[in-house]
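Chemist: Dropping the structure in here first, questions after.
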Amino acid sequence: MIRDISDRKRTEETLKQSNQQLETRVIQRTSELSQANTQLQLELSDRKRAQFALLQSEELFRNAFTFAVNGLALVGLDRHFLRVNPALCGLLGYTETELLGLTLDEVTDETDRETYRNNLNRLILGEVQSIQTERRYLHKLGYPLWVMGSTSLVRGFQGEPLYFVSQIQDINEHRIAEQVKSDFISIVSHELRTPLASIRGSLGLLAAGALDTNPESSRQMLRIAAIESDRLVRLVNDILSLDRLEARKLPLEKQQCNVADLIQQATRSLQSLAEENNIAITLIPNTIEIWADPDRIVQVLINLLSNAIKFSPPKSPITLKVQNLGGQIIFQIQDRGRGIPANKREAIFGRFQQVDSSDARQKGGTGLGLAICRAIAQQHGGQIWVESIEGEGSTFYFTLPIV
Ligand code: ADP
């Protein structure tokens, strides 16, 4: 039996061809897809890399903000804090949350508020690109703090103002030191001018021959000039030694010394002053050995004893007592003089501080003695203070560690 299968064969051939075409198309599509996939993978990893770089740069800026030594803040146009760094929080005594609830006005001292507000407006108006001013901020506890603030304005694409960027540097100690220095210079120049004016006056009178016919008055003028010259020398010496002591430029020459010997030395040099004032000094010494600069300790004792003599009436007693308190010794210099008012008992240890402004003239002092004593005591690791009852007398205490 012979059957004509030409049709079937043709159909088969057609099917085979279409199968081959399909396979070729599938291979093509697969290759296209695989290419697209590779492209996508590349794009994805590019995006990941960009994201990572962005995160890294953000972290870099965040760290710069967080670890900056100076205060940094972003401040809104309504002067509310938008961002603050730990340095600024530390400087002003607030937590970050507290500070973010405040405005610039609230942390600026009233004295500088108006000027600062005007300066910010000038930035917004474009009159200036940045402002740098020394101003007073207010600490959370209410006291003013000097800062150097530098502020600029960030603008948007259309130039519209967005927020302020402020850097705040703590200059409080520097400003206080400047103030102390200028106060000191004005006091020193005043203190030096007073005896100089007196010397000049006396010598001027003599030079003009106004007292030529009156030798007694001439001698009196010379005496005044000599007394004031001595005072001037004392002043200059005291100022220099206090300055060097406080700057620690006067090194202590510590050695083992016996307290009884130091007391002997101090009282010996005050013998004539005590006799002049008819004052008896009672000593209750102690033969403790200490490690100290003997000259400086004698200087402190002489100053305390001479003050006791100067500010006591004639014939009143003075006692110098030394006790061993275990780790330290304590000197007590007690007088029965005029006493020191309560509000001056700490102040007199400052430079040029005297209970009465006439003390310098009448008693020949400089007002620097106790400041020098305190500097010496502190350099030895000791302390100095006074207890007193007005009209009854004073007791100065001076401690030194026994090493
Ligand atoms: P100075 O004696 O040279 O004026 P000080 O610094 O030694 O300077 O003393 C400062 C001031 O303290 C004195 O001027 C005096 O007003 C007061 N003062 C010091 N010691 C005594 C004392 N023992 N009794 C009363 N006042 C004193």
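Chemist: Starting from the range 130-143, keep only residues that are touching a residue at least 40 places away in the same chain (Cβ under 8 Å), then list their pairs with residues that are part of a loop (DSSP other than H, G, I, E, B) and open to solvent by 40 Å² or more (accessible area, probe 1.4 Å) whose Cβ atoms are within a distance under 8 Å, requiring at least 6 positions of separation or different chains.
Modeler: Listed pairs, sorted by first residue: K140/Y94.
Chemist: Can you pull out the residues in the range 144-160 that are small (G, A, S) and surrounded by 12 or more Cβ atoms within 10 Å (Cβ to Cβ)?
Modeler: G149, S150, S152
Chemist: Here is a further query. Go through (1) assigned to a loop (DSSP other than H, G, I, E, B); (2) in contact with a strand residue (DSSP E or B) (Cβ under 8 Å, 6 or more places away or on another chain) one by one and return the number of the condition G159 breaks.
Modeler: (2)
Chemist: Here's something else I'd like to know. Within the range 312-335, how many residues turn out to be open to solvent by 50 Å² or more (accessible area, probe 1.4 Å) and more than 24 Å from A260 (Cβ to Cβ)?
Modeler: Matching residues across the range 312-335 total 3.
Chemist: Next question, about the same structure. Only residues in the range 158-176 that are in contact (Cβ under 8 Å) with a residue 24 or more places away in the chain count as the first member; pair them with residues that are among the acidic types (D, E), Cβ under 9 angstrom, at least 6 apart or cross-chain, and list the lot.
Modeler: I171/E134; R175/E134
Chemist: Still on this structure, please answer the following. Out of the residues in the range 79-103 that are within 15 Å of Y163 (Cβ to Cβ) and touching a residue at least 40 places away in the same chain (Cβ under 8 Å), state the one that is most open to solvent (accessible area, probe 1.4 Å).
Modeler: Among those that are within 15 Å of Y163 (Cβ to Cβ) and touching a residue at least 40 places away in the same chain (Cβ under 8 Å), it is L82.
Chemist: Another question, then. What is the one condition in (1) open to solvent by less than 80 Å² (accessible area, probe 1.4 Å); (2) not in a helix (DSSP H, G or I) that Q169 does not satisfy?
Modeler: (1)
Chemist: Counting only residues that are open to solvent by 50 Å² or more (accessible area, probe 1.4 Å) and hydrophobic (A, V, I, L, M, F, W, C), which one in the range 369-401 is nearest to P251 (Cα to Cα)?
Modeler: Here the answer is W385.
Chemist: Answer with yes or no whether S57 is surrounded by 10 or more Cβ atoms within 10 Å (Cβ to Cβ) and among the small types (G, A, S). Can you show your working first?
Modeler: Values: surrounded by 10 or more Cβ atoms within 10 Å (Cβ to Cβ): yes; among the small types (G, A, S): yes.
The answer is yes for S57.
Chemist: Scanning the range 172-219 for residues that are part of a helix (DSSP H, G or I) and of a type in the set (V, I, T), which turns out farthest from F65 (Cα to Cα)?
Modeler: I199
Chemist: Select from the range 384-403 the residues that are touching a strand residue (DSSP E or B) at 6+ places or on another chain (Cβ under 7 Å) and within 16 Å of the ligand (Cβ to nearest atom) and list them in ascending order.
Modeler: Scanning the range 384-403 gives I384, W385, V386, E387, S388, G393, S394, T395, F396, Y397, F398.
Chemist: Any residue at all in the range 269-278 that is open to solvent by less than 80 Å² (accessible area, probe 1.4 Å) and in contact with a strand residue (DSSP E or B) (Cβ under 6 Å, 6 or more places away or on another chain)?
Modeler: Looking for residues that are open to solvent by less than 80 Å² (accessible area, probe 1.4 Å) and in contact with a strand residue (DSSP E or B) (Cβ under 6 Å, 6 or more places away or on another chain), one finds at least one in the range 269-278, hence yes.
Chemist: Moving to a separate point now. Quick one: would you say L141 is in a helix (DSSP H, G or I) and open to solvent by 40 Å² or more (accessible area, probe 1.4 Å)? Working first, answer last.
Modeler: Details: in a helix (DSSP H, G or I): no; open to solvent by 40 Å² or more (accessible area, probe 1.4 Å): yes.
No, not satisfied.
Chemist: What number of residues in the range 220-252 are in a helix (DSSP H, G or I) and either of a type in the set (A, V, I, L, M) or within 30 Å of A292 (Cβ to Cβ) (or both)?
Modeler: Here the count works out to 23.
Chemist: Is it the case that some residue within the range 367-380 is in contact with a Pro (Cβ under 8 Å, 6 or more places away or on another chain), away from the ligand (no atom under 11 Å from the Cβ) and not assigned by TED's automatic domain parsing to the domain that holds P195?
Modeler: Taking every residue of the range 367-380 in turn, at least one turns out to be in contact with a Pro (Cβ under 8 Å, 6 or more places away or on another chain), away from the ligand (no atom under 11 Å from the Cβ) and not assigned by TED's automatic domain parsing to the domain that holds P195.
Chemist: Also, I was wondering about something else. Does E127 fit the bill of being assigned by TED's automatic domain parsing to the domain that holds L77, closer than 28 Å to A68 by Cα and without any contact (Cβ under 8 Å) to a residue 60 or more places away in the chain?
Modeler: no
The values are calculated or read from the model by the stated rules, or taken from the named source; none is laboratory data. Model, not experiment: these values are computed from the prediction. Glycine also receives a Cβ, built like all others from the backbone with ideal geometry; neighbour counts cover every protein chain displayed. Each accessible area value is taken on the protein alone, full model and side chains, heavy atoms only, with ligands, DNA and RNA left out. Shrake-Rupley method; radii C 1.70, N 1.55, O 1.52, S 1.80 Å.
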